Amino acid sequence: MRLHTTNFDFTDTAALHGMDVVPSADPDKLWIYLVNHRLPKGLDPKDGFDSVIELFETHVGKREVKHVRTFNDSRYIINPNDVVGLPDGKGFY
């Protein structure tokens, strides 16, 4: 099934990989955590990427995926390859 995203622009994304789909306390809600290596704004990509974790929300059986937030902290998120999300949509490992 193809999913459709709302309120998220993929044009600055260089690579999406490392993904976790986590059920929440609500049995119909799912959290999707994605590693996103964004193209750095105003910098040459050969200087590195602006790596972040994207959080999306969806519901079982639905085709829409809504962007909830971007976790961005260059002190701790340097070059992740995978992510393990928490079921509250508020954190990850």
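The values are calculated or read from the model by the stated rules, or taken from the named source; none is laboratory data. Not measured: the values here are computed from a predicted model. Don't worry about glycine lacking a Cβ; one is built from the backbone with ideal geometry, like all the others, and counts go over all protein chains shown. Protein only, heavy atoms only, side chains kept; ligands, DNA and RNA dropped before computing areas. Shrake-Rupley method; radii C 1.70, N 1.55, O 1.52, S 1.80 Å.
Apply the Karplus parameterisation 6.51 cos²θ - 1.76 cosθ + 1.60, with θ equal to phi minus 60°, to every residue of region 13-28 and state each ³J(HN,Hα) to the nearest whole Hz, in sequence, with x for glycine and proline.
These are the phi-based 3J(HN,Hα) values: 8, 8, 7, 10, 6, x, 9, 9, 10, 10, x, 8, 5, 6, x, 8 Hz.
Given 5 Å bins starting at zero, what is the percent of C-alpha pairs of the chain in each, up to the one with the largest pair distance?
Histogram of Cα-Cα distances, whole percents per bin: 3, 14, 23, 24, 18, 10, 5, 2, 1.
Using modelled amide H (1.01 Å from N, peptide plane; none on Pro or chain starts), what sits under 5 Å from the amide H of ARG38, excluding residues fewer than 5 places away?
Under 5 Å from the amide H of ARG38 lie the amide H atoms of ALA14, ASP50, SER51, VAL52, each far enough along the sequence or on another chain.
I want the local charge near PHE92. Using Cβ-Cβ distances under 11 Å, sum +1 for each Lys or Arg and -1 for each Asp or Glu among the other residues.
Working: positive: LYS90; negative: ASP20, GLU54, ASP82, ASP88.
Charge balance near PHE92 sits at -3.
Counting only heavy atoms of protein chains, what accessible area per residue, in Å², does the chain have with a probe of 1.4 Å? Intermediate results must be reported in sequence, preceding the final value.
Working: 6120 Å² over 93 residues.
Ligands and nucleic acids excluded, the figure is 66 Å² per residue.
Relative to the Cα centre, what is the charge dipole magnitude of the chain, using +1 at the beta carbon of each Lys and Arg, -1 at the beta carbon of each Asp and Glu, and rounding to the nearest 20 debye?
Details: 11 positive and 14 negative charges, 29 e Å.
Computed charge dipole of the chain: roughly 140 debye.
Using a 7 Å offset from Cα along Cα-Cβ at ARG2, what residues in region 47-71 end up with backbone N under 16 Å from the label point?
63-65
Compute the signed sum of charges (Lys and Arg +1, Asp and Glu -1) over the other residues within less than 9 Å, Cβ to Cβ, of LEU39. Show your work: numbers first, answer last.
Values: positive: ARG38, LYS41; negative: ASP12, ASP50.
So the surrounding residues net to 0.
Within 10 Å, count the other beta carbons around each residue, average over each peptide in 52-59, 86-93, and list them highest first.
Values: 52-59: 19.9, 86-93: 13.8.
So the peptides 52-59, 86-93, ranked by packing, come out 52-59, 86-93.
Once amide H atoms are placed 1.01 Å from N in the peptide plane, what residues at a sequence separation of 5 or more from GLY91, or on another chain, have their amide H within under 5 Å of its amide H?
HN-HN under 5 Å from GLY91: LEU86.
Heavy atoms only, probe 1.4 Å: what % of the accessible area of the chain goes to carbon and sulfur, would you let me know? Show your work: numbers first, answer last.
On the way: 3260 of 6120 Å².
Ligands and nucleic acids excluded, carbon and sulfur reach 53 percent.
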